[in-house]
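Here's the structure we're looking at; comments come further down.
Just so it is clear, none of the values below were taken in a lab; they were calculated from the coordinates. Just so we're clear, the structure is a prediction, and the values are computed from it rather than from any experiment. Positions of Cβ are backbone-derived with ideal geometry, glycine not excepted, and every protein chain shown enters the neighbour counts.
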Amino acid sequence: MKLILLRHGESEWNKQNRFTGWNDVGLTENGVNEAKEAATHLKEKNITIDAAFISVLKRAIDTYSIVKDELKLNVPEFNSWKLNERHYGALQGLNKAETALKYGEEQVKLWRRSASTRPPLLEKTDERNPAFDKLYSEVEKEKLPLGESLNDTAVRVLECYNEEIVPVLKQNKNVLITAHGNSLRALVKILENVKDDDIMKIEIPTGKLIVYTLNKNLKITKKEII
């Protein structure tokens with residue numbers, strides 16, 4: 001079976017070079033085109049999809065909707081907040097270049113790329129606290145982050161993978177996950193057993209597909225980036 005990872009197309013805040021995290025922004029025109037290109041690649045490679053898992057953020061939902069329309073998919077779909085982008089805490093909304101000037105490029109690189117470094121956390125009273133967002137009204141408040149490291153993100157992504165995605169893969173079905181740069185990096189780290197130091201070098205561009213072929217034990221036998 002195949003596990004297909006798709007990062008959403010370019011978002012409005014990707015274009016503005018801002019830390020996005022859980023801020024719910026839409027796609028740019030380029031992002032829409034990237035989603036269409038991803039669908040074209042899947043069609044050209046004759047990769048079928050039997051089920052889809054998507055984060056609850058608009059840019060991932062819109063990307064999947066475009067792929068769905070382009071491929072005329074009619075498959076089970078599941079949304080999970082556990083596939084959301086890494087929560088960037090108090091950095092959310094800030095321009096990355098301006099933040100690097102203020103805190104230094106090395107510090108910002110750690111915040112962006114390291115496995116264990118958390119960004120400055122939100123105060124509980126901050127309006128950006130997801131506990132105030134209706135989108136997460138059914139999630140236990142203590143589970144909602146005020147900021148996350150990549151390893152923190154990996155914990156919830158792994159929960160979703162083991163509890164929701166693995167049972168579908170075990171039915172010998174191809175699964176598409178449409179999510180985000182860091183939630184997918186976290187999953188890549190888990191699936192490929194990437195060390196903390198090495199994960200800093202891995203980046204998943206917008207609109208890019210990673211296609212894993214898995215054996216019956218769900219071990220990777222082939223990886224393709226398209």
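Holding the Cα-Cα limit at 21 Å, pick out from Lys109/Lys189; Lys82/Lys216; Lys36/Lys109; Lys109/Lys195; Lys58/Lys170; Lys143/Lys223 the pairs that are longer than that. Among Lys109/Lys189; Lys82/Lys216; Lys36/Lys109; Lys109/Lys195; Lys58/Lys170; Lys143/Lys223, the Cα-Cα distance tops 21 Å for Lys82/Lys216; Lys36/Lys109; Lys58/Lys170; Lys143/Lys223.
Each DSSP beta bridge with both residues in the chain is either parallel or antiparallel, and the antiparallel ones are about 50%. Dipole check for the chain: with +1 at the C-beta of Lys and Arg, -1 at the C-beta of Asp and Glu, and the Cα centre as origin, the magnitude is about 640 Debye. Here each label is just a point 7 Å from Cα along the line to Cβ, and for Thr221 and Asn162 those points are 2.5 nm apart.
For the chain, the mean residue ellipticity at 222 nm estimated from helices alone is -10000 deg cm²/dmol, where every DSSP H run of n ≥ 4 contributes -39500 (n - 2.57) and the total is divided by all residues, rounded to the nearest 500.
Relative contact order (percent) for the chain, with alpha-carbon contacts under 8 angstrom and 6 or more residues of separation? List each step's numbers first, then the result.
Details: 427 pairs, mean separation 72.0, N = 226.
So the answer I get is 32 percent.
Beta carbons within 10 angstrom, averaged per residue: use that to sort the peptides 182-195, 155-168, 51-64, 125-138, highest first. Kindly include the intermediate steps, with their values, before the conclusion.
Numbers: 182-195: 20.3, 155-168: 17.1, 51-64: 23.4, 125-138: 13.1.
Result, highest mean first: 51-64, 182-195, 155-168, 125-138.
How long is the gain from Ser114 to Lys201 if the chain were fully straight, where each residue apart is worth 0.36 nm and the alpha carbon distance is subtracted? Write down the numbers at each step before the final one.
On the way: separation 87, 0.36 × 87 = 31.32 nm, distance 0.92 nm.
Stretched out fully, the Ser114 to Lys201 stretch lengthens by 30.4 nm.
Dividing the mean sequence gap of close Cα pairs (under 8 Å, 6+ apart) by how many residues segment 184-226 holds gives a relative contact order of 29 percent.
All other residues with a Cβ under 12 Å from the Cβ of Asn162 taken together, and with Lys, Arg as +1 and Asp, Glu as -1, what is their net charge? Present the calculation step by step, with values, prior to reporting the outcome.
Numbers: positive: Lys82, Arg156, Lys170; negative: Glu159, Glu163, Glu164.
Once positives and negatives cancel, what remains is 0.
Candidates Leu121, Val67, Ile210 compared by Cα position along the dipole of the chain: farthest toward the positive end lies Ile210, with charges placed on Cβ. Available extension along the chain between Val139 and Asn33 is 34.8 nm, counting 0.36 nm per residue and deducting the alpha carbon span.
Semi-axes, largest first, in whole Å: what does sqrt of 5 times each Cα gyration tensor eigenvalue give for segment 48-197? Could you put the intermediate results ahead of the total?
Working: eigenvalues 162, 64, 47 Å².
Equivalent ellipsoid of segment 48-197: 28, 18, 15 Å, largest first.
Wrap a convex hull around the Cα atoms of segment 1-88, take a quarter of its surface area, and give that in square nanometres.
Working: hull surface 22.6 nm².
Directional mean of the projected Cα hull area for segment 1-88 stands at 5.7 nm².
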